[in-house]
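Structure first, then comments.
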Amino acid sequence: MSAPAANRQINNEVPLVYTEQNGILHYEIDFDAFEAAINPSTRTFLLCHPHNPTGRIWSTDELKQIGELCLEHDIVVVSDEIHCDLVFEQHTPMATISPEIAQNTITLMAPSKTYNIPSMGFSFAIIQNPELRQRFQMAEMGVVPHVGVMGYTAALAAYQYGDDWLQAVIDYLRSSRDLVTEFFQEYLPQIKLTIPQGTYLTWLDTRQFAMDVPAQGFEQWIDPFFLRQARVALNKGALFGKPGEGFARLNFATSRSLLLQALDRMRDAVERYATQK
Ligand SMILES: Cc1ncc(COP(=O)(O)O)c(C=O)c1O
């Protein structure tokens, strides 16, 4: 998310829209806002699929609509699919939607999330269009480091021998995701949340459990609240843009016992807060 600004590019964000039903948040792309955000100098669209932080896997219809709009406006799609192997439902890569879209897409992937090897510094881009690939190679030359032998070896081992391990991880994460959902629905219904289709992240709407905190001070208040009162470090929603203010991201990629401890402490903190008011 910091890359466009770091390269002095204007990042024209298109906020997602959400609906809420029985405490569950569902995020979608606002296609009117998407089209309205395009201007003559728009060159690239950065897609996150599966989406961090909402955990959405975009449907083939949504991908087709994005891909065709980008073709129509001569915008290259950069599809960050780093979480594509950590999914609980079918994930369809953007570049498989149609041959035309494939020619207009740069797909970014890495084993770092899936196999928990970010320190190995290995990632890759899949670019079917030779001209686009050459432009990409020119742009990264001398800026992006080459992959080291450790990273290459770790990635090869992960992709060659990691299937059974990965399936066990996905099964574990799916149960943890369901546990998080059930816990919030039963004990903390004031906090609304997504049910991620992929990733190990749940997106929480924390705005309603402390209605007495004035809206303009909420962002400063909520962040230290869970850290100090529950000793649980969430990611601040505002890190993901202005619409994220008042939200938080919970990472559930940990052992079930630690996750339960964290959830219990969050519930206790919220209950203490309610009785102390
Ligand atoms: C969607 C997404 N893309 C890319 C990255 C970068 O991952 P890495 O530094 O392991 O390459 C992250 C890391 O948080 C991410 O969430």
D264 versus E68: modelled label distance in nm, points set 7 Å from Cα along the beta carbon direction: 5.3 nm
Put R56, R43, R256 in order of accessible area, largest first, 1.4 Å probe: what do you get? R43, R256, R56
Just the number, please: carbon plus sulfur as a percent of the accessible area of the chain, 1.4 Å probe, no ligands or DNA/RNA counted. 52 percent
Using a simple spin-label model with points 7 Å from Cα along the Cα→Cβ vector, what separation in nm is obtained for M138 and W165? 4.0 nm
Region 116-131 residues near the modelled V149 label - backbone nitrogen below 20 Å, point 7 Å along Cα→Cβ: 119-123
Mean separation of Cα contacts under 8 Å (at least 6 apart) over the residue count of the chain, i.e. the relative contact order in percent, is 16 percent
Dipole in debye (nearest 20) - region 164-276, about Cα centre, beta carbon charges: Lys, Arg +1; Asp, Glu -1: 220 debye
Would you pull out the residues with amide H under 5 Å of F45's amide H, same chain only if 5 or more places away, H placed 1.01 Å from N? V76, V77, V78
If the reach is capped at under 19 angstrom between alpha carbons, list the aspartates and glutamates near K192, excluding any in the same chain fewer than eight residues apart. E20, E28, D178, E182, D205, D212, E219, D223, E245, D264, D268, E271
In Å², rounded to a whole number, the accessible area per residue of the chain with probe 1.4 Å is 56 Å²
The helix 215-224 Cα axis meets the longest alpha-carbon principal axis of the chain at an angle in degrees, between 0 and 90 and rounded to 10, of 90 degrees
Residue-by-residue Karplus 3J(HN,Hα) for region 181-193, coefficients 6.51, -1.76, 1.60, Hz, glycine and proline x: 4, 5, 4, 5, 5, 7, 9, 10, x, 5, 9, 8, 8
With just the Cα atoms defining each centre, how far is region 174-215 from region 22-100? Give it in Å. 24 Å
Dipole magnitude (debye, nearest 20) for the chain, charges at Cβ of Lys, Arg, Asp, Glu: 1040 debye
With a cut-off of 14 Å, note down the residues of region 190-233 whose backbone N falls inside the zone around a label point 7 Å from the Cα of A274 toward its beta carbon. 190-192, 208-212
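At a Förster distance of 30 Å, what's the computed FRET efficiency of Q103 paired with V14, Cβ-Cβ distance as r, to 0.05?
0.85
The values are calculated or read from the model by the stated rules, or taken from the named source; none is laboratory data. Predicted model, so just to flag it, every value in this text is computed and none were measured. Reconstructed Cβ throughout: ideal geometry from the backbone, glycine too, with neighbour counts over all protein chains shown. These accessible areas exclude ligands, DNA and RNA; they are computed on the full protein's heavy atoms, side chains included. Shrake-Rupley method; radii C 1.70, N 1.55, O 1.52, S 1.80 Å.
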